[in-house]
1. Quick one: Asp25, Asp70, fewest Cβ neighbours within 10 Å first, how do they rank?
2. What is the order of Arg49, Arg65, fewest Cβ neighbours within 10 Å to most?
3. For the range 1-55, which GluC sites (Glu not before Pro) are both in a DSSP coil and crowded by at most 13 other Cβ atoms within 10 Å?
Amino acid sequence: MASVDDVEELMRAAERRAEALAAGDPEALRAVLHPKFRWISHRGEMFDRESYIRTNTVGSLVWKRQQLGDLSVVVIGALLRRPHGPSASTASPLHPGS
């Protein structure tokens, strides 16, 4: 079961993703998405991390904002890894390290 800290960390990562989308900032978006990130759109289009970043930061698609509210987190397996020691990083489905 995920701890309250894990859920808060996941929520913060989702908020950083929303902020990066609204800013149209490919580097900020790349920083919050795991290298193996995958996305399936509401139309069934499949994107890897780079194609998702490109599609959401270049061209005619413009994000004004993404508002997150009344969120619910369901943990399936070990999705979050907590740091152990000064050189360890935190990993989540959205972000490989902070």
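Quick note: the coordinates plus some simple rules give every number you see, no bench work behind them. In this text the structure is predicted, and so the values were computed from the model without any measurement. Neighbour counts run over all protein chains shown; Cβ positions are idealised from the backbone, glycine included.
1. Numbers: Asp25 14, Asp70 4.
In increasing order of surrounding Cβ atoms, one gets Asp70, Asp25.
2. Details: Arg49 16, Arg65 9.
Sorted ascending by nearby Cβ count, the order is Arg65, Arg49.
3. Working: sites: Glu8, Glu9, Glu15, Glu19, Glu27, Glu45, Glu50; in loops: Glu45.
When the GluC sites (Glu not before Pro) of the range 1-55 are filtered for loop state and at most 13 Cβ neighbours within 10 Å, Glu45 remain.
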